[in-house]
Amino acid sequence: MPSTYTNLLYHIIFSTKDRRPLITPKLRIELHPYIGGIILDAGGVPLEIGGVADHVHILAKLPAVLSVSDAASHQGEFLEMGRGATRSCSRLRMAGRL
């Protein structure tokens, strides 16, 4: 019986508008787990999330049914709206990722 194995790892980078240094260390404490929660909600696995004041790097394993453009769009929508940060942080704490 045939089967398919996929291991889709993606390096995604988001930057602030005009590369302004808006991501403070205090904001990073909430932002990185929040992004991880969005990836989990989409069915992916956040492997590493980091960055500096003007951009964020994400290394994530995404399911084969989710296109990279859909995943990036999903991230952008939620980051813009700023919803669910507390829920995502709590989920990551329970999963031992925070």
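The values are calculated or read from the model by the stated rules, or taken from the named source; none is laboratory data. What you are looking at is a predicted structure, and each value in this text was computed from that prediction instead of being measured. Here the Cβ is made from the backbone with ideal geometry for all residues, glycine too, and neighbour counts use every protein chain on show.
A few notes on this one:
- Where Ala42 falls short, out of the listed (1) under 17 Å from Leu66 (Cβ atoms); (2) free of Cβ contacts under 8 Å to residues at least 40 places away in the same chain; (3) within 13 Å of the chain's Cα centre (by Cα); (4) surrounded by fewer than 16 Cβ atoms within 10 Å (Cβ to Cβ): (4)
- Residue check, Gly43 at pLDDT 85 or above, in contact with a His (Cβ under 7 Å, 6 or more places away or on another chain) and not in a helix (DSSP H, G or I): no
- The residues in the range 45-65 that are surrounded by 13 or more Cβ atoms within 10 Å (Cβ to Cβ) and in contact with a helix residue (DSSP H, G or I) (Cβ under 8 Å, 6 or more places away or on another chain) can be counted, and the count is 10.
- Condition check for Ile23: more than 14 Å from the chain's Cα centre (by Cα), at pLDDT 85 or above and buried (at least 16 other Cβ atoms within 10 Å of the Cβ): yes
- Qualifying residue in the range 8-22 (condition: among the small types (Gly, Ala, Ser) and without any contact (Cβ under 8 Å) to a residue 24 or more places away in the chain): no
- Residue match in the range 60-71 (condition: in a helix (DSSP H, G or I), in contact with a Phe, Trp or Tyr (Cβ under 9 Å, 6 or more places away or on another chain) and modelled with pLDDT under 90): yes
- Output for the range 13-38, where each listed residue is part of a helix (DSSP H, G or I) and touching an Asp or Glu at 6+ places or on another chain (Cβ under 7 Å): Arg19
- Scan the range 45-73 for residues that are of a type in the set (A, V, I, L, M, F, W, C), in contact (Cβ under 8 Å) with a residue 40 or more places away in the chain and in contact with a strand residue (DSSP E or B) (Cβ under 9 Å, 6 or more places away or on another chain) and the total you get is 8.
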